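Asker: Submitted below is the structure of interest, expressed as structure tokens.
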Amino acid sequence: MHEHWQQYVAHGDRCTDSDGIRPDRHRTIHRRRTQQHSPDQQQQRTEQCPPPGLSDDTMIGDVWFDTIFFGSLERIMNVVPIDATDLADWAVRLYDEYLRRPDLIRLATWARMERRPSGHLVDQDERLDDAKLRAIADAQAAGLVRDGDPFDLMAMVIAMSMAWSPVSNVYAATADEPPDVHERRRALLRDCVAQAIALE
């Protein structure tokens, strides 16, 4: 995996500066991931550690991967804020973000394949979706969104927004495609999400 995402390490300054991620974000992530954990968590992390003999470059690369990966999650959360009263529009804005920054969703996909093949993509204490889940629950209480687990609804909307994303196993869209093609997809995505979350 190191060779595949090394391009992100090479552009670390660009990601940090242009995306507005504070330089101390790197140190914060490093501290957070090296804090004391419970015995069970420590055992799990120990089992995930690379075997002896790996080079320092590989270990440094792992730290950079975590830094850039968590920075990408922070960007997604900040740049595409949820509006639980209009989840269809949120899905469309996510679609547009994948076109603008395909590297972010690719990075998350590599993290899924290499680090987290099941369950949540990050540890419980590193999740950034609390505000989104509360927003969806509030919209449900207001009678704007159908019943269902807020997390499941969020996951479904995100999955629909990724139908043509750079990690799609059906078709990966690019920003270079004709504008009318993107408008057609946006309209379909907006309509499908609106129907999926509508009150029964």
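The numbers here are math on the coordinates, done by the rules we state, and not lab data. What you see is a predicted model, and the numbers here were worked out from it, not measured in a lab. Here the Cβ positions follow ideal geometry from the backbone for every residue, glycine too, while neighbour counts run over all protein chains shown.
Asker: With label points built 7 Å along Cα→Cβ from the Cα atoms of A142 and D176, find their separation and express it in nm.
Answerer: Between A142 and D176, the simple spin-label model gives 4.2 nm.
Asker: Tell me which trypsin sites (Lys or Arg not before Pro) from the range 117-200 have a DSSP coil assignment and no more than 14 other beta carbons within 10 Å of their own.
Answerer: R127, R146
Asker: Let me ask you something else. Considering only DSSP states other than H, G, I, E and B, which chymotrypsin sites (Phe, Trp or Tyr not before Pro) in the range 92-200 qualify as loop sites with at most 13 other Cβ atoms within 10 Å? Write out the running numbers ahead of the final one.
Answerer: Values: sites: Y95, Y98, W110, F151, W164, Y171; in loops: W164, Y171.
Filter output for the range 92-200: Y171.
Asker: While we're on this one: Report the local net charge at D89: Lys and Arg +1, Asp and Glu -1, summed over other residues whose C-beta lies under 9 Å from its C-beta.
Answerer: Values: positive: R93, R190; negative: D83, D86.
Net local charge, D89 excluded: 0.
Asker: How many angstrom lie between the C-alpha centres of the range 172-186 and the range 134-154?
Answerer: 30
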